[in-house]
Amino acid sequence: MVKKALITGITGQDGAYLARFLIGKGYKVYGMVRRTSMVNTSRLEYLGIKDKVEILYGDMLDLSSLQRVVENTEPDEIYNLAAQSFVATSWEQPILTAEVTGLGALKLLEAVRLVNPKIKFYQASSSEMFGASPDLPQNESSRFHPRSPYAASKLFAHWMTVNYRESYGMFTVSGILFNHESPIRGLEFVTRKITHAVAMIKEGKQDKLLLGNMAAKRDWGFAGDYVKAMWMMLQQDEPDDYVVATGETHTVREFCEKAFGYVGLDYQDYVEVSPELFRPADVEVLCGDSSKARMKLGWKPDVDFDGLIRMMVDADLKRVREGSY
């Protein structure tokens with residue numbers, strides 16, 4: 001019998017990679033998106049799976065809409081990846097972020113409880129929830145100290161997922177994923193902003209790159225590796241929460257140095273720091289301890305830091321040379 005999965009936020013980076021992974025596992029995949037004038041399926045097209053998923057319309061702010069989607073798809077598994085997921089934007093739109101990222105997750109949990117509480121549920125939690133936590137590296141027992149409206153909203157969704165598991169006996173899990181990137185990462189994220197600029201500068205189409213906090217340290221992995229962990233969590237006998245990370249930290253400056261160096265350029269000749277790009281409250285260091293996921297799930301990342309950068313720069317060079325950027 002074919003298993004069915006419903007993915008909210010399927011048109012995002014993680015949704016697209018997860019859909020491709022599940023299709024490879026033989027799943028029937030449904031993707032829920034907001035009804036807009038035009039649905040951006042470019043990431044699904046990039047991964048060659050646009051025609052292999054069924055798109056449905058739903059609204060994370062409307063419980064009845066979510067109930068209908070769950071009733072109509074009858075999924076075995078739900079992966080909630082929908083969110084206003086850009087930290088900087090959450091300062092500009094804190095209420096929208098809280099409604100979609102926080103309350104939206106709660107409404108989807110409630111829709112599952114009302115329609116079929118036996119559905120397995122994955123919540124996309126975030127390393128940003130740790131924020132200014134004094135614990136380093138951060139694991140499942142580390143203290144949370146969110147430093148943005150996005151992080152606070154994710155923390156609310158995280159704890160509601162735990163509460164539905166403990167209160168209703170539902171199979172709900174949270175994957176606390178540290179930063180994960182790919183060639184289809186949005187241009188508003190610093191890693192893709194860098195690799196896109198590297199390609200543009202290398203091809204003579206851009207002169208400078210403006211960045212904010214170059215000293216910020218992050219634990220960066222490949223999104224294609226991380227979606228495997230999402231699936232693994234829902235295949236366990238008991239629901240639990242897991243940190244997914246590489247365990248290595250690198251600064252934004254180091255990312256620039258390697259990305260520019262890969263094409264034979266010195267980043268110092270092209271990168272300028274703009275005070276306007278600093279966040280109101282930044283997170284200096286995020287580093288994850290994924291020992292639990294490695295031991296219990298058998299998960300480990302396959303793509304290392306250098307490999308990730310090469311993959312992203314190569315993809316952006318190809319786009320720029322083809323004029324498809």
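Readers should treat all values here as calculations from the given coordinates under stated rules, not as data from a laboratory. Please read these numbers as outputs of a predicted model, since none were measured by experiment. Note: ideal-geometry Cβ built from the backbone for every residue, glycine included; neighbour counts use all protein chains shown.
Taking K and R as +1 and D and E as -1, what net charge do the other residues with C-beta under 11 Å from the C-beta of Phe171 add up to?
Residues close to Phe171 contribute a combined charge of -2.
Running a GNM on the chain with Cα contacts under 10 Å, which residue among Glu188, Glu140, Glu238 ends up with the highest mean-square fluctuation?
Looking only at Glu188, Glu140, Glu238, the largest GNM fluctuation is found for Glu238.
Find the relative contact order for the chain and round it to a whole percent, using C-alpha pairs within less than 8 Å whose residues are 6+ positions apart.
Worked out over the chain, it gives 17 percent.
Expressed as an acute angle from 0 to 90° and rounded to the nearest 10, what is the orientation of the C-alpha long axis of helix 104-115 relative to the principal long axis of the chain?
Helix 104-115 sits at roughly 30 degrees to that axis.
Relative contact order of the range 1-87: what whole-number percent is it, with Cα pairs under 8 angstrom and at least 6 residues apart?
39
Tell me the relative contact order for the range 163-275 as a rounded percent, counting alpha carbon contacts under 8 Å between residues six or more apart.
37
Determine, for the range 158-285, the count of lysine pairs separated by eight or more sequence positions (or lying on different chains) whose alpha-carbon distance falls under 23 Å.
10
What ranking do Met32, Met214 get, fewest neighbouring Cβ atoms within 10 angstrom at the top?
Met214, Met32
Counting Lys +1, Arg +1, Asp -1, Glu -1, what net charge surrounds Tyr57 among other residues with beta carbon under 15 Å of its beta carbon?
Counting the neighbours of Tyr57, the net charge comes to -1.
Hey, fewest Cβ within 10 Å first, where do Leu22, Leu106 land in order?
Ascending Cβ contact count within 10 Å gives the list Leu106, Leu22.
Relative to the longest principal axis of the chain, what angle (0 to 90°, nearest 10) does the C-alpha long axis of helix 223-234 take?
The two axes meet at around 20 degrees.
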